[in-house]
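Asks: Structure below; questions to follow.
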Amino acid sequence: MRFIYPAIITKYDDGHYEADFPDLKLCHAEGASEMEVLREAKAAAYDWIDLELQEDEPDLPPASDPEDLHPGSNAFVRNILVIYRMHEGWDE
């Protein structure tokens, strides 16, 4: 399954980055560089989706249109792709 959610990436004056997902409640990532925060954002979104899909009744929110998001002056929007493979346990 493929999931694409927009993240707002903010660069701070001290050089570190933070990513927040408007659609995934409390999903957040940080990194020392743009590449690192994007990698961490993908991992955070994967974990968020994984936990939700393990619920009895998963409730994945629809993704916002990036055009509808208005990041601040030190921020930009980036779509984050998560590939989630559903699999069963080992048969023994």
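Asks: For the range 15-34, which residues satisfy the criterion of being of a type in the set (S, T, N, Q) and surrounded by 15 or more Cβ atoms within 10 Å (Cβ to Cβ)?
Replies: none
Table: residues versus (1) out of contact with any Asp or Glu (no Cβ under 9 Å at 6 or more places or on another chain); (2) at pLDDT below 95.
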{"residue": "Tyr12", "(1), (2)": "no, no"}
{"residue": "Tyr17", "(1), (2)": "no, no"}
{"residue": "Glu34", "(1), (2)": "yes, no"}
{"residue": "Tyr84", "(1), (2)": "no, yes"}
{"residue": "Asp91", "(1), (2)": "yes, yes"}
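Asks: Hey, among the residues in the range 35-82 that are polar (S, T, N, Q) and open to solvent by 50 Å² or more (accessible area, probe 1.4 Å), which one's nearest to Asp23 (Cα to Cα)?
Replies: Ranking the qualifying residues of the range 35-82, first place goes to Asn79.
Asks: Tally the residues that are within 14 Å of Ile8 (Cβ to Cβ) and among the polar types (S, T, N, Q), restricting the search to the range 31-50.
Replies: Total satisfying the criteria: 0.
Asks: Here is a list: Asp56, Asp50. Which entry is among the charged types (D, E, K, R) and closer than 16 Å to Tyr5 by Cα?
Replies: Answer to the check: Asp50.
The values are calculated or read from the model by the stated rules, or taken from the named source; none is laboratory data. Fair warning: this is a prediction, and the values are worked out from it, not measured in the lab. Cβ: placed from backbone, ideal geometry, glycine included. Neighbour counts: every protein chain shown. The accessibility values were calculated without ligands, DNA or RNA, using every heavy atom of the protein model including side chains. Shrake-Rupley method; radii C 1.70, N 1.55, O 1.52, S 1.80 Å.
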